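Structure first, commentary second.
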Amino acid sequence: MEENIIQVENLSKSFDISSKKPGLKGTLKHFFKRETKSIEVIKNINFGIKKGEIVGFLGANGAGKTTILKILCGLIYPSQGKLSVAGNLPYKRRSNFLKNITLIMGQKQQLIWDLPPIESFYLNAAIYDIEKFEAKKRIKKLSDMLEIEDELYIPVRKLSLGQRMKSELLAALIHKPNILFLDEPTLGLDINAQRNLRKFLQIYNKETDATICLTSHYMKDITSLCKRVICIHEGCLTYDGKLEKLLKKISPVKDILIICKTEKDAIELRNSGFIIKNQNQKEITITIKKNSIKSTLKNILNKFEIEDLYINEPPVDEIIGNILVKNKV
Amino acid sequence: MKISNYIKIYSLFLSTSIASELEYKTNVIIDFITAILSLIGSIFLLTIFFQNTDNIGGWKFEQALIIQGIYTILNGITNTWFNPNLTEIVKHIREGTLDFILLKPIDSQFFISLKKIAPSGFLEIILGFALLIYCIKINQITINLGFIILCLTTLCCSVGILYSLWFLISTTTIWFVKTWNATEVLRSFLYIGRFPLNSFSISLRVFFSIFIPIAFITTIPSEVFLGLAQLWEILIEIVVSGIFLIVSRKFWFFALKYYTSASS
C-alpha cells in the first residue's frame with residue numbers, strides 16, 4: 001500500500017484569544033486586565049494524504065482550514081497530536097523539509113513591490129541554492145506555462161492582480177516543491193485569471209506529481225481541481241472522501257426543468273403538489289428526490305403535454321454552500 | 001547552508017534593496033541632504049555646550065567630537081540596516097508575512113535583519129569616519145595596527161549591542177503585536193550617546209551602563225580612540241556584546257514557538 005506523504009493523527013490546536021466589551025469602560029478594562037480564554041480551533045483531527053493527490057479543504061470562515069495548512073507547513077506549533085509531512089515534523093522547519101514544500105496565500109505577497117518579479121525569482125533561487133543557469137531555465141519554463149513572459153521585467157506594483165498572482169506562483173514554485181499548500185490562491189481574481197490558474201495547477205500536478213492541499217471559497221476551484229475533499233466545521237473534521245460522493249450524499253435531489261406545450265398544462269402542473277423551484281410562463285423547474293425520478297417522470301408524461309424536459313443536478317455552489325453554512329454533511 | 005551561499009544571498013539583498021530605493025530618486029536625495037544637515041546640527045549643538053566651558057565631564061570639545069563621530073557611524077548603521085529591517089519585523093508579524101520568511105530554508109534572523117538597506121545611511125557612515133579621521137588629526141593620536149584593531153573591535157561590539165537591543169524589543173512583537181514606541185525610546189536613548197557618559201549624574205551613569213548600555217555603545221569606543229580606555233573596559237564590552245547577541249538569538253527562536261501567524 002502506498003504510504004501517505006502527509007499523515008495527521010489526533011491533531012488539536014488551541015489559541016489564547018482575548019475578548020473586549022464595547023465602550024470606554026470595556027476598553028479600559030481590556031487595557032488593564034485583559035481577559036483571555038483558550039479556544040480550541042482544531043479538535044482531534046485525523047487524515048492522510050497520498051503523493052500526487054489534490055485535496056480541497058472545505059469549511060466556512062473561521063472553521064480552521066488555514067490553521068491546518070499552517071500547521072502542516074510548519075508555521076504553527078500543534079497543541080496535541082502527531083503529524084508527519086514528507087517524513088518530517090513540520091514545526092522543526094528543517095532545511096530539507098522547507099525545500100520540499102511551498103505556501104501560497106492569495107491575500108499575502110512575497111514579491112519585492114518596487115522591482116520586476118524576475119529580481120524576486122533570482123533571489124528565491126539563491127535562497128534555495130539553485131544555480132543561476134538552472135534558475136533561468138525554470139523561470140523560462142514556468143513563465144511559459146503561466147504566460148507571463150512579458151511581465152517578468154515590469155515592476156510588481158504595476159502588474160494587475162492576476163499577473164501578480166501568477167508571479168507569486170512562479171516565485172513559490174521555483175524550487176520545484178513536492179507539496180503545495182494553497183490558501184485561497186484565486187482570491188480576488190477575475191474569471192479568466194481563475195481559470196488560467198486552475199489550468200496551470202492541473203498541468204503542474206500532472207507533470208510533477210506534486211501533492212496539493214487547497215482551501216478556497218470559489219467552488220469552481222474545488223470542483224475542477226479536487227477529487228477529494230476534507231470538510232472542517234468548527235475545528236472538527238466532518239467529511240473526508242470523494243467530492244462526488246459528498247455531493248450525492250448531501251444532495252439526494254435533482255432539478256427537472258419542464259417546458260409545457262400550453263399555458264393550461266403549465267398551470268395544472270404548478271398546482272399538482274410538486275416542489276417548485278422556478279417558474280417562467282411555460283417553463284417550470286421542480287425539485288424531486290433522486291429515488292422517485294422514474295415514477296415522477298412517468299406521472300408527468302402521462303398527465304401533461306410536454307414539449308421538452310431536462311434533468312439537472314442542483315448547482316454545486318448551492319450544495320457546498322449548505323455544507324459551509326449548515327454543516328449538512 | 002554554506003557561508004558562501006549566505007554571501008551570495010546577501011549580495012542579492014544589497015542589489016535588490018539599492019534598486020528598490022533608487023526607484024524613488026527624490027527620496028534618496030532628501031535622505032542624503034538630511035544626513036548632512038543632521039551632522040552639522042549635532043556639531044553645532046556641541047559647540048553651544050562648549051561655548052562657556054573648556055570641558056564637560058572631563059572631555060574637551062576635540063575629544064567630544066570623537067563621540068559625535070562614533071555616534072554618526074552608529075546612526076548611519078542604524079539607518080542603513082536596523083531601521084529598514086528591524087522596524088519591519090512588527091509589520092511582518094502584524095500582517096502575517098513573516099510566514100514567507102519562516103518557510104525559507106535560510107536562517108530567519110539573517111533574512112529578517114539584513115533583507116533591506118537604506119543607502120542614505122552609507123553617507124552618514126562615511127561622514128562619521130571622516131569626522132573620526134579629523135579627530136585623530138586634531139587630537140594628535142598616533143595610529144598603529146593595534147590601535148586600528150582595538151577601535152574596530154569596540155565599534156563592532158557597539159553595533160552588536162545596539163542591534164541585539166533593537167532585535168530583542170522587536171521580537172516581543174510576537175506577543176505584544178505592536179511595539180513601535182519601545183524601539184523609538186531606544187533610538188532616543190542613542191541620542192544621549194552623543195555626549196560623554198561622565199557629563200551625566202552618577203545615577204544616570206549607572207542606568208546607562210547597566211539597563212540601557214549606552215556607555216558600551218559610544219563612550220568606551222571613544223575612550224579607545226583617545227587611549228583612555230582600560231583593558232578591562234574593552235574586555236567587558238566584548239563580553240557584553242557577545243551575551244547580548246546570544247540572548248537576542250535565543251530569544252528569537254524561543255519567541256517563534258509562540259508565533260501564531262496572522263489570520264487570513
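Derivation of every value follows stated rules applied to the coordinates shown; laboratory data play no part. Everything numeric here is computed off the predicted structure, so don't read it as measured data. Because the Cβ atoms are built from the backbone with ideal geometry, glycine has one as well, and the counts that use them run over all protein chains shown.
What to note about this one:
- Angle in degrees between helix A:117-127 and the longest Cα principal axis of chain A, rounded to the nearest 10: 60
- Using the Cβ-Cβ distance between A:R195 and A:D144 with R0 = 22 Å, the FRET efficiency computed as 1/(1 + (r/R0)^6) comes to roughly 0.80.
- Under 22 Å of direct C-alpha separation, and excluding same-chain neighbours fewer than eight residues apart, A:K199 reaches these lysines: A:K50, A:K51, A:K108, A:K137, A:K140, A:K141, A:K166, A:K176, A:K220, A:K227, A:K242.
- Summing charges over neighbours of A:V8, with a neighbour being any other residue whose Cβ is under 15 Å away from its Cβ, gives +3 when K and R count +1 and D and E count -1.
- If you wrap region A:147-249 in the convex hull of its Cα atoms and look at it from every side, the mean projected area works out to 7.8 nm².
- Estimated FRET transfer efficiency (A:E307, A:I275; beta-carbon r; R0 25 Å; 0.05): 0.70
- In summary, the aspartates and glutamates within cross-link reach of A:K33, defined as a Cα separation below 20 angstrom excluding same-chain residues under 8 places away, comprise A:D16.
- ³J(HN,Hα), Karplus 6.51/-1.76/1.60, whole Hz, each residue of region A:161-169, x for Gly, Pro: 4, x, 5, 5, 5, 5, 5, 4, 4
- Candidate lysines - alpha carbon under 30 Å from A:K264, same-chain residues fewer than 8 apart omitted: A:K254, A:K277, A:K282, A:K289, A:K290, A:K294, A:K298, A:K303
- Centroid-to-centroid separation of region B:30-45 and region A:266-281 [C-alpha atoms, Å]: 83
- Note on A:L103, B:L12: ascending count of other Cβ atoms within 10 Å places them as B:L12, A:L103, the fewest first.
- Helix-only CD estimate at 222 nm, as mean residue ellipticity for chain B, using -39500 (n - 2.57) per DSSP H run (n ≥ 4): -23500 deg cm²/dmol
- Chain lengthening between A:I17 and A:K206 when straightened (0.36 nm per residue, less Cα-Cα): 63.9 nm
- Site-free segments of chain B were taken between chymotrypsin sites (Phe, Trp or Tyr not before Pro) in DSSP loops having at most 14 other Cβ atoms within 10 Å, sites themselves excluded; the longest one is B:25-210.
- Whether region B:1-68 is rounded, prolate or oblate, judged on the alpha carbon gyration tensor where a/c under 1.5 counts as rounded: oblate
- A simple spin-label model places pseudo-atoms 7 Å from Cα toward Cβ; at B:R94 and B:Y258 they are separated by 1.9 nm.
- Dividing the convex hull volume of the alpha carbon atoms of region B:3-256 by its residue count gives 141 Å³ per residue.
- Counted charge near B:A229, where neighbours are those whose Cβ lies closer than 15 Å (Asp, Glu -1; Lys, Arg +1): -3
- Taking Lys and Arg as +1 and Asp and Glu as -1, the other residues whose beta-carbon sits under 10 Å from that of A:T186 total 0.
- Helix A:191-208 vs. chain A, principal-axis angle (Cα, 0 to 90°, nearest 10): 60
- Counting every pair of alpha carbons in the protein assembly as shown, the share spaced more than 34 Å apart comes to 56 percent.
- At least 15 Å along the helix axis (C-alpha) and Kyte average at least 1.0, DSSP helices within chain B: B:25-49, B:61-77, B:120-138, B:145-171, B:231-256
- To the nearest ten degrees, helix A:132-146 and the longest principal axis of the Cα atoms of chain A are 10 degrees apart.
- For the pair B:L235 and B:T153 in one chain, pulling the backbone fully straight at 0.36 nm per residue adds 28.5 nm over the alpha carbon distance.
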